[in-house]
Amino acid sequence: MPNLLIVGTQWGDEGKGKIVDLLTSAFDIIARYQGGHNAGHTVFLKGKKIVLHTIPSGILHPGKLCIIGNGVVIDPKAFFHEIEELKKFGVNIDNNLFISKGAHLILPYHVLIEKTLEESKGDKKIGTTCRGIGPAYEDKAARTGIRVGDLLNLDILKEKIFRNVEEKNKILILYNKSPLNPEEIFEEYKIYSQKMEKYIKDTTWILNKKIEEGKTVLFEGAQGTLLDIDHGTYPYVTSSNPTSGGVCCGLGISPDKVNGILGVTKAYTTRVGMGPFPTEIFDQTGEILRRNGNEFGATTGRPRRCGWFDAVAVKYALKINGIKSIALTKIDVLDDLDEIKICVNYKYKGEILKTFPTEDWILNEVEPIYKKFKGWKEKTKGITDFNSLPLLTKTYINAIEELIEAEINIISTGVERKNTIIKSKKTLSKFVNLEKLNL
Ligand code: GDP
Ligand code: IMO
Ligand code: MG
């Protein structure tokens, strides 16, 4: 059985956590390749809600190996907090979690500088999660970053912390913030060095070896295509590549190791933070989506902006990633609506656009052209069989399939693993051993 990549096709929070949890039982290894604890992947386990941030969602399944790749950025404090939270749920974390020595560390100055600069931008702010993600990737690109592997050499660690703090303090002072004490940071990270040692590995070598031995991998993307630093709605994006290309660099594997790509797509659209959002709904319907979909950030708790399904944006996302197979989530959230819309085209300066523009100054001006659908006004929550869905729900799903030119293979009808329809077993079975799913 091949390896499968899970990618978000919108602005994140599509329900990747639920889909990864659903499919984990069919794979041996679950690996994150980018992002950090800006991610919030929600899984319901025996009725309890668990939110994963830096650790792959597969950790909830005993016997699976979880890998945090070199493309991820890690805040050790948040990482150990996440482990403590998971332990409260009885999750075992021992030899089942490896962190790449090449992953970059988030340090207190990253968080402080991000908060300071976001504040200073006023209405031009990105609306980041303020977890230090962007500044940590900035240091990676500037070649001044500190890597997880540096925790294993305290002399190097100390030297790098002192050098970085000296530079970062110049920025903090410029913004009238108190400078940081490098000694304090070093002492804190010295403790992390001891605690983290057992997790630090050459994950690139391990992963490639395990794949050669026939082990299968589920690659867990964080964020979403429209938040991709290269292909998203720049500058209102994150600082990594959630798109399918990111998996090779973020784990050190070749493209031929990615045998299937499953796009996770919400049945409507949400976005957290600032940035263009052509199908955003500002009236009562937006409130209904937010309430019914519990659209509040899994990481920051911020209310998510809600809007109609945007077929133009999703079609673009599928192209960028090479996605032909979709898991459509949260269809049940639309149950109460009288009318549902899908954006089928963008009009800009009187012309229909042929492509998805990523420029915010164009996206802010486009007029979405909608196709209207009658709401089904029936409960779909928990339905597990496509034929049991109301006719109008099927019409809506079929329309999405046609517009985005991809097969919808999975339909999610609720937060629980079992609230799932496997729509096209034949296609899905090409990259998932369906017999192994615990539905
Ligand atoms: P992720 O970041 O892509 O993993 O998504 P989040 O976990 O941030 O947000 C998705 C939210 O939708 C979570 O609260 C999930 O529990 C919830 N969810 C996932 N699938 C469904 C579904 O089919 N129906 C409903 N009602 N909620 C869902
Ligand atoms: P998951 O994996 C939704 C958004 C932030 C902000 C922008 C940049 O749960 O889908 P950052 O802190 O990354 O520099 O913020 O990206 N953002 C997300 N939005 N889901 C996420 O992750 C996100 N991770 C970052 O809100 O707009
Ligand atoms: Mg999320």
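The values are calculated or read from the model by the stated rules, or taken from the named source; none is laboratory data. Only a predicted model underlies this, so the values are computations on that prediction, with no experimental measurement involved. When we count neighbours, we look across all protein chains shown, and the Cβ atoms used for this are built from the backbone with ideal geometry, even at glycine. Quick note on the areas: whole protein, heavy atoms, side chains included, nothing else; ligands and nucleic acids left out. Shrake-Rupley method; radii C 1.70, N 1.55, O 1.52, S 1.80 Å.
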The correct count of residues that are assigned to a helix (DSSP H, G or I) and either over 30 Å from residue 127 (Cβ atoms) or in contact with a helix residue (DSSP H, G or I) (Cβ under 9 Å, 6 or more places away or on another chain) (or both) in region 185-240 is 27
Check whether at least one residue in region 24-32 is among the polar types (S, T, N, Q), open to solvent by 10 Å² or more (accessible area, probe 1.4 Å) and assigned to a loop (DSSP other than H, G, I, E, B), and report yes or no. yes
Quick count over region 240-277, residues being crowded, with 19+ Cβ neighbours inside 10 Å and among the acidic types (Asp, Glu), is 0
In region 364-388, what count of residues is obtained for those that are under 28 Å from the mean Cα position of the chain (by Cα) and aromatic (Phe, Trp, Tyr)? 2
Given (1) within 16 Å of ligand 2 (Cβ to nearest atom); (2) farther than 22 Å from residue 241 by Cα, index of the condition residue 80 fails: (1)
Number of the condition not met by residue 212 [criteria: (1) more than 16 Å from ligand 1 (Cβ to nearest atom); (2) under 12 Å from residue 307 (Cβ atoms)]: (2)
Being touching a residue at least 60 places away in the same chain (Cβ under 8 Å), more than 16 Å from ligand 3 (Cβ to nearest atom) and either within 17 Å of residue 281 (Cα to Cα) or touching a Lys or Arg at 6+ places or on another chain (Cβ under 6 Å) (or both) is the filter here; which residues of region 298-317 pass it? 308, 309, 310, 311, 313
Where residue 71 falls short, out of the listed (1) closer than 23 Å to residue 149 by Cα; (2) crowded, with 24+ Cβ neighbours inside 10 Å; (3) within 16 Å of ligand 3 (Cβ to nearest atom): (3)
Working only within region 42-67, note down all residues that are within 14 Å of ligand 2 (Cβ to nearest atom) and either open to solvent by less than 10 Å² (accessible area, probe 1.4 Å) or touching an Asp or Glu at 6+ places or on another chain (Cβ under 6 Å) (or both). 43, 50, 52, 53, 54, 55, 56, 57
(1) in a loop (DSSP other than H, G, I, E, B); (2) of a type outside the set (S, T, N, Q); (3) closer than 19 Å to residue 234 by Cα all hold for residue 313 apart from (1)
Just for helices (runs of 4 or more DSSP H) wholly inside region 321-439: which have at least 2 residues that are of a type outside the set (Gly, Ala, Ser), surrounded by fewer than 17 Cβ atoms within 10 Å (Cβ to Cβ) and within 16 Å of ligand 1 (Cβ to nearest atom)? none
Given the conditions (1) open to solvent by 70 Å² or more (accessible area, probe 1.4 Å); (2) not in a helix (DSSP H, G or I), which single one is not true for residue 144? (1)
Please work out which residue is nearest to residue 336 (Cα to Cα), limiting yourself to region 275-302 and to residues that are over 19 Å from the mean Cα position of the chain (by Cα) and among the acidic types (Asp, Glu). 287
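Residues checked against (1) surrounded by fewer than 23 Cβ atoms within 10 Å (Cβ to Cβ); (2) not in a helix (DSSP H, G or I):
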site	(1), (2)
85	yes, no
110	no, no
123	yes, no
131	no, yes
Select, from 172, 157, 180, the only residue that is in a helix (DSSP H, G or I), out of contact with any Asp or Glu (no Cβ under 7 Å at 6 or more places or on another chain) and surrounded by 13 or more Cβ atoms within 10 Å (Cβ to Cβ). 172
Under 9 Å between Cβ atoms, at least 6 apart or on separate chains: pull out the pairs that start in region 400-428 with a residue that is closer than 17 Å to residue 334 by Cα and within 16 Å of ligand 2 (Cβ to nearest atom) and end on any residue that is among the basic types (Lys, Arg) and open to solvent by 10 Å² or more (accessible area, probe 1.4 Å). 412/18; 412/330; 415/18; 415/49
Out of 50, 106, I need the residue that is within 19 Å of the chain's Cα centre (by Cα) and either of a type in the set (Phe, Trp, Tyr) or within 19 Å of residue 33 (Cβ to Cβ) (or both). Which one? 106
